[in-house]
Structure formats: structure tokens, C-alpha cells
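Structure record follows, encoded as C-alpha cells.
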Amino acid sequence: MNREQPSVTAKTQKMNLKGMWVGDFEQLLGELGEKRYKARQLASWIYAKGATDFSEMTELSKDLREKLSRIATINGVQLVRRQVSQKDLSEKFLFKLSDGEKVETVLMWEADRVTACVSTQVGCPLGCTFCATGQMGCKRNLTAGEIVDQIIALRDNRINHVVLMGMGEPFLNYDEVLKAIKIMNNEMGLSFAAKRITVSTAGIPAMIQKLADENLKLKLAISLNAPTDAKRTKLMPINKKHPVKELLAAVKAFVKKTKRGVTFEYVLIRDINDSEKDALALSKLVQGIRCKINLIPYNPVDDLPYDRPSEERILAFRDYLYPRAPAVTLRRSKGEDILAACGQLRV
Ligand code: SAH
Ligand code: SF4
């Protein structure tokens with residue numbers, strides 16, 4: 001007696017197209033015996049138009065839509081919770097991923113600027129001693145699909161800037177982050193000009209060099225946070241592996257290669273890195289590098305032994321630093337009351 005064979009498609013898990021890009025679609029369509037040019041239409045439907053079901057893709061033949069729905073899905077992140085700051089109207093979103101893990105995304109509103117602060121990992125393995133995310137460890141990397149879908153899910157908000165400064169260290173998930181940036185930066189994708197995308201790193205020199213070679217005009221921010229190895233290692237354990245000198249050499253090479261300046265982020269922590277001496281050392285450190293220094297007053301995190309300096313001290317630090325350093329800005333964090341500010345994300 002013949003036993004019925006289960007069909008292959010029923011047995012194997014469907015592939016998720018969200019996170020795949022034109023080259024991947026061309027290959028898939030080739031395997032299905034379809035014309036490769038349809039890859040561009042597929043990309044536009046999934047990213048530019050945000051389709052979540054093949055039936056929406058009216059440009060594609062019914063036959064192809066059916067074929068695709070038998071083998072593939074377009075799965076994204078799922079919104080679990082939204083919190084709105086009473087202080088500045090910034091918003092924090094909790095998203096659930098397909099395996100149940102969760103990440104947070106923040107939306108910030110300014111006069112003509114709507115910025116999405118996007119996560120790249122579930123947690124972060126670098127364990128900076130002052131950062132909430134760093135206390136969770138890293139559960140896993142996000143896929144390119146999960147990174148861009150945080151923006152697609154919030155696209156009704158007219159986001160016009162993206163910062164990869166949420167949970168995680170983008171350069172420890174380089175390939176998926178780069179793929180996500182390419183999707184963001186393309187008109188078949190999310191159509192963000194590269195200069196409206198900022199990637200922030202704790203400082204992985206090899207990856208800074210690699211990014212320099214990508215020929216993308218996006219912005220690079222480096223979390224410096226301390227002017228000496230002794231202080232930086234206490235705050236950022238990664239500094240043991242890649243000390244300040246090595247980090248700055250990579251940054252200088254980046255500026256030389258791309259002919260673009262960078263931003264150094266410097267979280268101001270009371271009695272740790274906020275003295276005049278620190279400001280002087282910092283200004284000397286960045287001398288000769290085309291850069292801006294962005295000062296971020298520390299946002300307190302439960303159970304961590306750090307505080308924000310007084311307003312007076314913050315302003316004194318800024319005024320001492322500038323004009324000793326070429327450009328200095330003071331970032332006022334958003335969404336502190338909903339724990340959405342820099343370094344407060346944790347799930
Ligand atoms: N991992 C990357 C990107 C995410 S962190 C990086 O470290 O650059 C984004 C920024 O938030 C970094 O500049 C970090 O130094 C800063 N940050 C972390 N914890 C903070 C806190 N509690 N208060 C203020 N800024 C913080
Ligand atoms: Fe990770 Fe950045 Fe937080 Fe350090 S500051 S633990 S690198 S997210």
C-alpha cells in the first residue's frame with residue numbers, strides 16, 4: 001500500500017522575505033522560473049510600500065503571488081507596548097520578535113526632525129558599566145529585516161532620521177546592520193538619504209575601517225566617553241581590547257578615506273569624567289581630527305552607581321571644551337520619564 005508523502009513545502013518552514021534584498025529575490029525568482037526583474041518590484045512592495053501579504057502585490061501575477069505564498073512569508077516585528085513621555089512627547093515602543101525576544105525603539109520629535117532610534121541586538125555583549133542595555137548581556141543579533149521593520153512599523157510618523165543607537169552594538173552585527181542600512185538608503189527600500197542615517201559604535205576598530213570602504217555617506221558616531229585608557233576601561237570594558245590609541249587611529253583613517261568628519265559621543269558622569277582636567281585631555285585627544293563632540297548628560301539607571309553632574313558643572317565642562325575642541329554640542333536626552341533616554345533601554 002502506498003503511504004501518502006507529505007509535501008516538501010508543508011514540512012519545511014517558510015522563508016521570511018523581510019530582510020532579504022534584491023539579489024536574494026533575484027535568486028529566489030530564478031529558482032521559481034520567473035523573470036529576475038520582478039525582484040525590484042518585490043523589494044518595493046515589501047519595503048517601500050510595506051506590504052505584509054502577497055495578495056497586496058497587485059503588480060505581480062496571481063500565479064507568482066500564489067507560488068510565493070506557498071513557500072514564503074513577510075513577517076515583521078510585533079508591537080507590544082507604546083509609552084509616551086509626558087515631558088517631551090518622545091515615544092518608546094516595545095516590539096516582539098518571531099522567537100519571542102523583545103527590543104525597544106524610540107521616536108523623538110523636534111521642530112522639523114522625527115528621529116527613530118533603532119536597536120541592532122537583543123541586549124548588548126559589551127557590558128559598559130553605566131548602560132542599562134549593557135547589564136542584560138546579549139541574547140542575539142537582530143536580522144536586517146528586524147532592524148528595518150522597527151522603522152516600517154512606525155512609518156506613519158513621518159520619520160526623517162534614523163540613528164542606530166538603540167539596544168546593541170551595531171558593529172558586532174555588521175553584516176545584518178549593513179544590509180539594513182542599504183535597504184533604508186535605497187528608493188526600493190525606505191528612501192532615507194545616507195546623511196540622515198547615523199551609526200553609533202563603542203569602538204570596534206576593524207569595523208570602522210571596513211565601513212570606510214563601503215562608500216556610503218552615512219554618519220559615524222563613536223562613543224568615547226573618557227579621555228584616558230584608565231578611565232575608559234573602567235566604563236567600557238571593550239577598551240581593554242581596543243585602547244583609545246587604536247580606536248583613534250581607526251577613526252583618523254576613516255576620516256581620511258571618506259573625507260567626512262565624525263561625532264564623538266561623551267556621556268558626562270558626575271565625578272567620573274566631568275572635570276576640567278578631563279575636558280582638557282579630551283580636547284587634546286581629538287586634536288587634528290575633523291569632528292564634533294556631542295556631550296550627553298548621564299541618564300540615571302536603577303542599581304547603577306552613577307549620577308548626572310549638576311547643570312552648572314555640565315555647562316562648565318562644555319564651555320571649557322569649546323573652543324579647545326572644534327565643535328561641541330550638548331544633547332538633551334528625550335523620554336527620561338519613560339526610560340527611553342540614551343542608555344536606559346532594557347527589556
Ligand atoms: N552600542 C552603541 C550604540 C548604542 S548606545 C554605542 O555604545 O555607541 C548609544 C549611546 O548612549 C552611546 O553613546 C552610549 O555611550 C550612550 N549611553 C549609554 N548609557 C547611557 C546613559 N545611562 N546615559 C546617557 N547616555 C548613555
Ligand atoms: Fe552596548 Fe553601547 Fe550600552 Fe556599551 S553603551 S553596553 S556598547 S549599548
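Taking Lys and Arg as +1 and Asp and Glu as -1, the other residues whose beta-carbon sits under 10 Å from that of residue 243 total +2.
Over its Cα atoms, what ratio of radius of gyration to 2.2 N^0.38 Å does region 8-73 give?
Details: Rg = 11.0 Å, N = 66, 2.2 N^0.38 = 10.8 Å.
Working it through for region 8-73, the quotient is 1.01.
Reducing region 181-248 and region 35-98 to their Cα centroids gives an inter-centroid distance of 28 Å.
Can you give the FRET efficiency to the nearest 0.05 for residue 304 and residue 36, using r as the Cβ-Cβ distance and R₀ = 56 Å? About 0.60, to the nearest 0.05.
3J(HN,Hα) along region 313-327, derived from phi through the Karplus expression 6.51 cos²θ - 1.76 cosθ + 1.60 where θ = phi - 60°, amounts to 5, 4, 5, 5, 4, 4, 6, 6, 5, 9, x, 5, 9, x, 8 Hz, with x in place of Gly and Pro. Note that region 136-255, at 25 °C in a medium of 0.890 mPa s, gets a Stokes-Einstein diffusion coefficient of 161 µm²/s from its Kirkwood radius over C-alpha pairs.
Looking at the chain, the accessible area is 49 square angstrom per residue; that uses a 1.4 Å probe and ignores ligands, DNA and RNA. Spin-label model, residue 280 to residue 193: label points 7 Å out along the Cα-to-beta-carbon direction sit 4.2 nm apart.
Apolar share of the accessible surface for the chain: 49 percent from carbon plus sulfur atoms, 1.4 Å probe. Only one residue of 142, 273, 263 has its Cα farthest out toward the positive end of the dipole of region 78-338, where Lys and Arg carry +1 and Asp and Glu -1 on Cβ, and that residue is 263.
On a 0 to 90° scale, report how tilted helix 276-285 is relative to the longest principal axis of the chain, with both axes built from alpha carbons and the result rounded to the nearest 10. Approximately 60 degrees, to the nearest 10.
Considering only DSSP beta bridges whose two residues both sit in the chain, what percent are antiparallel, to the nearest 5?
Around 45 percent of the beta bridges assigned by DSSP in the chain are antiparallel ones.
In the chain, the DSSP-assigned H stretches of four residues or longer account for a calculated mean residue ellipticity at 222 nm of -8500 deg cm²/dmol, using -39500 (n - 2.57) per stretch and the full residue count as denominator. Note on residue 327 and residue 66: their simple-model spin labels are 5.7 nm apart, each label 7 Å out from Cα toward Cβ. With kT/(6 pi eta Rh) evaluated at 25 °C and eta = 0.890 mPa s, and Rh the Kirkwood radius from Cα pairs, region 55-151 diffuses with a coefficient of 155 µm²/s according to Stokes-Einstein. What the phi angles of region 238-248 give under the Karplus curve with 6.51, -1.76 and 1.60, with θ = phi - 60°, is a coupling list of 4, 5, 5, 6, 10, x, 3, 4, 5, 4, 5 Hz, glycine and proline written as x. Within region 78-338, the proportion of Cα pairs with more than 35 Å between them is 11 percent.
Over the chain, what relative contact order in percent results from Cα pairs under 8 Å that are six or more residues apart?
Reported relative contact order: 15 percent.
Phi angles of region 225-233 translate, via the Karplus equation with coefficients 6.51, -1.76, 1.60 and θ = phi - 60°, into HN-Hα couplings of 6, 7, x, 10, 4, 4, 6, 5, 5 Hz per residue; Gly and Pro are given as x. When the pairs 245/284; 35/62; 38/210; 241/334; 241/277; 182/245 are compared against a 21 Å limit on Cα-Cα distance, 38/210; 241/334; 241/277; 182/245 fall above it.
Can you order the peptides 256-262, 120-126 by their average number of other Cβ atoms within 10 Å per residue, highest first?
Per-residue mean Cβ counts within 10 Å order the peptides as 120-126, 256-262.
At a Förster distance of 30 Å, what's the computed FRET efficiency of residue 49 paired with residue 112, Cβ-Cβ distance as r, to 0.05? So, using R0 = 30 Å, E works out to roughly 0.75. Can you give me the angle between helix 174-185 and the longest principal axis of the chain, using Cα atoms only, in degrees from 0 to 90, rounded to the nearest 10? The angle comes out at about 80 degrees.
Placing unit charges on the Cβ atoms only, positive for Lys and Arg and negative for Asp and Glu, gives the chain a dipole magnitude near 880 debye about its Cα centre. Cysteine residues of the chain whose Cβ has no partner cysteine Cβ closer than 4.7 Å: 117, 124, 138, 291, 342.
The values are calculated or read from the model by the stated rules, or taken from the named source; none is laboratory data. Model, not experiment: these values are computed from the prediction. As a convention, Cβ positions derive from the backbone with ideal geometry for all residues, glycine included, and neighbour counts pool all protein chains shown. These accessible areas exclude ligands, DNA and RNA; they are computed on the full protein's heavy atoms, side chains included. Shrake-Rupley method; radii C 1.70, N 1.55, O 1.52, S 1.80 Å.
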